[in-house]
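Peer 1: Starting off with a structure, shown below.
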Amino acid sequence: MKVIIAKDYEEMSDKAFDVMAEVVKNNPKAVLGLATGSTPVGLYKRMIQDHEKNGTSYKNVSTVNLDEYAGLDYSSDQSYVYFMRTNLFDHIDIDLKNTNIENGKAADRAAECERYNKLLETMKQDIQVLGIGSNGHIAFNEPGTPFGSVTHIVDLTESTIKDNSRMFRNVDEVPRQAFTMGLKNIMNAKKILILANGANKARAVYGLVRGDVTEAVPASVLQLHPDCTLVCDEAAAALIK
Ligand code: GLP
């Protein structure tokens, strides 16, 4: 795993943008695997600025997102589809038809997982952006998720519900379940770009980079990926330096 330690969030976002820009420049038809959460917002801002200033086009790019809360869709401003529209898609020239995310409101959840897995088989990510949960989760693959997992419905852990409650009015509003790409779908990406900032991610980053490869720390599976780059700030890197 390549590890880049940046001094702060802004520098982390700059370095992440460099990796992303290279992929889009080399392949205007790239498949981008995208993530939500506060961590990649700086990267998305830089993609928007670059699009506005330098005309980098996303017309022929397509995207697959990692996960979505079960029960939420674009009508909820807490949904991940809403997040992607407001933080990125509405500000670049991407065709929304080329953007993909699980349908949180699907009536048949098993069928929705199957649909998404079939789609992913036809759309290998040229790059997959990831954040990391403080308990080492990636997407919504919580500790104990099999490395061979594909898109599935998960029961969120109490720690994730608590961490994510800051985005909601109160903790009771956080959905208890979510759709998520599995670890196998993530590992299928040609390139992985994982970002982490802040002291509350230091333990998870240790598990990602230095810990045993174990299903108890889902992110540790990335040690087995042939092209994975971690960009983190000093605080998140505290235990790996
Ligand atoms: C959520 C998302 C993850 C994300 C994590 C960390 O649980 N499902 O994809 O990596 O939160 O979020 P943040 O970047 O806000 O710390």
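The values are calculated or read from the model by the stated rules, or taken from the named source; none is laboratory data. None of the values given here were measured: they were computed from a predicted structure. Here Cβ is always computed from backbone atoms with ideal geometry, including for glycine, and neighbour counts include all displayed protein chains. Just so you know, the surface numbers come from the protein's heavy atoms only, side chains and all, with ligands and any DNA or RNA stripped out. Shrake-Rupley method; radii C 1.70, N 1.55, O 1.52, S 1.80 Å.
Peer 1: Considering segment 5-42 alone, what residues qualify as being acidic (D, E), more than 16 Å from the ligand (Cβ to nearest atom) and in contact (Cβ under 8 Å) with a residue 60 or more places away in the chain? Reasoning before the result, please.
Peer 2: Pass one, segment 5-42, residues acidic (D, E): 8, 10-11, 14, 18, 22.
With more than 16 Å from the ligand (Cβ to nearest atom) added as a condition, the list becomes 11, 14, 18, 22.
Of everything in segment 5-42, just one residue is acidic (D, E), more than 16 Å from the ligand (Cβ to nearest atom) and in contact (Cβ under 8 Å) with a residue 60 or more places away in the chain, namely E11.
Peer 1: Further, regarding this structure: Can you pull out every residue in segment 155-173 that is near the ligand (Cβ under 10 Å from one of its atoms), open to solvent by less than 30 Å² (accessible area, probe 1.4 Å) and not hydroxyl-bearing (S, T, Y)?
Peer 2: L156, I161, N164
Peer 1: Scan K59, K2, K45, K53 and give me the residue that is open to solvent by 40 Å² or more (accessible area, probe 1.4 Å), within 16 Å of the ligand (Cβ to nearest atom), at pLDDT 95 or above and of a type in the set (K, R).
Peer 2: K45
Peer 1: For segment 47-100, how many residues meet the condition of being under 21 Å from N164 (Cα atoms) and aliphatic (A, V, I, L, M)?
Peer 2: 6
Peer 1: For residues that are buried (at least 16 other Cβ atoms within 10 Å of the Cβ) and away from the ligand (no atom under 13 Å from the Cβ), tally how many sit in segment 125-152.
Peer 2: 8
Peer 1: Quickly run through segment 111-124 and pick out the residues that are in a helix (DSSP H, G or I) and either open to solvent by 70 Å² or more (accessible area, probe 1.4 Å) or in contact (Cβ under 8 Å) with a residue 40 or more places away in the chain (or both).
Peer 2: Start the filter on segment 111-124 by keeping residues that are in a helix (DSSP H, G or I), which leaves 111-122.
Within segment 111-124, E112, C113, E114, R115, Y116, N117, K118, L119, L120, E121, T122 qualify.
Peer 1: Next question, about the same structure. Just the residues that are part of a loop (DSSP other than H, G, I, E, B) and surrounded by 21 or more Cβ atoms within 10 Å (Cβ to Cβ), please, taken from segment 218-241. If you could, list the steps in order and put the result at the bottom.
Peer 2: Initially, segment 218-241 is screened for residues part of a loop (DSSP other than H, G, I, E, B), giving 225-227, 234-241.
Passing the criteria: A236, A237.
Peer 1: Still on this structure: What is the residue count in segment 5-42 for residues that are surrounded by fewer than 15 Cβ atoms within 10 Å (Cβ to Cβ) and among the hydroxyl-bearing types (S, T, Y)?
Peer 2: The total comes to 1.
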